[in-house]
Amino acid sequence: FLSRLDPKKGLDLLIQAYMQVYSHAVKHNPQKLYPRLVIAGPGKSSAYGMMLQEMAKPMANQITFTGMLTGDAKWGAFYGCDAFILPSHQENFGLVVAEALACGKKVFLSRQVNIWREIVEDGVGVAAPDTLEGAIQLVESAFEYSASPRKDALDARKTFDNRFQIANTARIFVEQFEALSSSSGES
């Protein structure tokens, strides 16, 4: 996770889901290595951030709070992770999702992130409801993905280039505007 620590982002659900999925997985296969949950973003020392860290204390060896990352550290976090997760309760766009795709990462997000349809349609991510059950589904999917061979980094980057890269977006906007203009002139 890389975004601000805010109740809107569904982090309480993510931590609960991670703790449940991890505990269940370790109980059934204690020798296997499981992915860690890294929560990066501003707000670590806010009241909400402190509450999240307290919630995660029982798994402090598996859940890390980095605080805000910028520059090379931010991009290193994106490139170094297995996948990106955003169980947000509401996102108009989800810029961090586009950034993760640009780094070739599969994304796991709630259906309240308004670009979830494009992500699922292109097969570069999983979407679920913004509930505890949905967060569990996202974490389980991320665990399964983490254990599988990486073959969709190029697909994620292609989705970014085709759907979210600003030059392509501007070109599509202009084409649609021109089409609208010409069709309104015909009536």
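The values are calculated or read from the model by the stated rules, or taken from the named source; none is laboratory data. No experiment lies behind these values; they were computed from the predicted model shown. Cβ atoms come from the backbone with ideal geometry, glycine included; neighbour counts cover every protein chain shown. Only protein heavy atoms, including side chains, enter the accessible area calculation; ligands, DNA and RNA are left aside. Shrake-Rupley method; radii C 1.70, N 1.55, O 1.52, S 1.80 Å.
Here are the numbers for the structure shown:
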{"read-out": "Some residue of segment 19-26 being open to solvent by 80 Å² or more (accessible area, probe 1.4 Å) and under 15 Å from HIS89 (Cα atoms)", "value": "no"}
{"read-out": "Answer residue from segment 55-83, given it is in a loop (DSSP other than H, G, I, E, B) and in contact (Cβ under 8 Å) with a residue 60 or more places away in the chain and is least open to solvent (accessible area, probe 1.4 Å) among those", "value": "LEU69"}
{"read-out": "Qualifying positions in segment 27-50 - part of a helix (DSSP H, G or I) and surrounded by fewer than 15 Cβ atoms within 10 Å (Cβ to Cβ)", "value": "LYS27, HIS28, ALA47, MET50"}
{"read-out": "Extreme residue, most open to solvent (accessible area, probe 1.4 Å), among residues of segment 91-113 that are at pLDDT 95 or above and among the polar types (S, T, N, Q)", "value": "GLN112"}
{"read-out": "Residue check for GLU175: acidic (Asp, Glu), at pLDDT 70 or above and either more than 15 Å from the chain's Cα centre (by Cα) or on the phi < 0 side of the Ramachandran plot (or both)", "value": "no"}
